[in-house]
1. Taking the Cα centre as origin and putting +1 on Lys and Arg beta-carbons and -1 on Asp and Glu beta-carbons, what dipole magnitude results for the range 2-96, to the nearest 20 debye?
2. How big is the Kirkwood radius of the range 2-96, worked out from every pair of different alpha carbons and given in Å to one decimal?
3. First measure r as the distance between the Cβ atoms of Glu66 and Lys23, then evaluate 1/(1 + (r/R0)^6) with R0 = 35 Å and state the FRET efficiency to the nearest 0.05.
4. For a quick check of your reading of the filter: which GluC sites (Glu not before Pro) in the range 1-53 sit in a DSSP loop and have no more than 14 other Cβ atoms within 10 Å?
5. Contact order normalised by length for the range 2-96, with contacts defined as Cα pairs under 8 Å and 6 or more residues apart; what percent is it?
6. Helix 85-97: angle to the longest alpha-carbon principal axis of the chain, degrees 0 to 90, nearest 10?
7. Run the helix sum for the chain: -39,500 (n - 2.57) per DSSP H stretch of 4+ residues, divided by residue count, reported at 222 nm to the nearest 500 deg cm²/dmol.
Amino acid sequence: VFHGRILARRVVGQETRYEVEVKARYRHRFPLVSREYLWVPNTCGCPALSEGGEYLLMARRHVNHEHTLNRILLQDDGYARPWTPREARLVREAARHC
């Protein structure tokens, strides 16, 4: 779970790749650097993330069996909410208890 700002969006084949500036990390299941690529396995823009927008995102690390693919994946039904101080506070409190 992290707070990110969308810098760019690009369709690559049948997927959408977002360049994201990672602003804050709430859960540390895998390491994140300050800029990451976030992949969505469709081209329809679901969930809708707009360039310049800030979001709370819950994604997972996807590594294939051959270990040749290692990326952050946001499923089309994944958690992506516009960032607000209230949402950030709720996620921070939940992260302390979980």
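Values quoted throughout were computed directly from the atomic coordinates according to the rules given, and no laboratory measurement underlies them. Since this is a predicted model, take the numbers as computed values, not measurements. Reconstructed Cβ throughout: ideal geometry from the backbone, glycine too, with neighbour counts over all protein chains shown.
1. Details: 17 positive and 11 negative charges, 89 e Å.
I would put it at about 420 debye.
2. Hydrodynamic radius (Kirkwood, Cα only) of the range 2-96 equals 13.6 Å.
3. The calculated FRET efficiency here is 0.60.
4. Here the sparse-neighbourhood loop sites are Glu51.
5. Computed over the range 2-96, the figure is 27 percent.
6. Once rounded, the angle reads 90 degrees.
7. -4000 deg cm²/dmol
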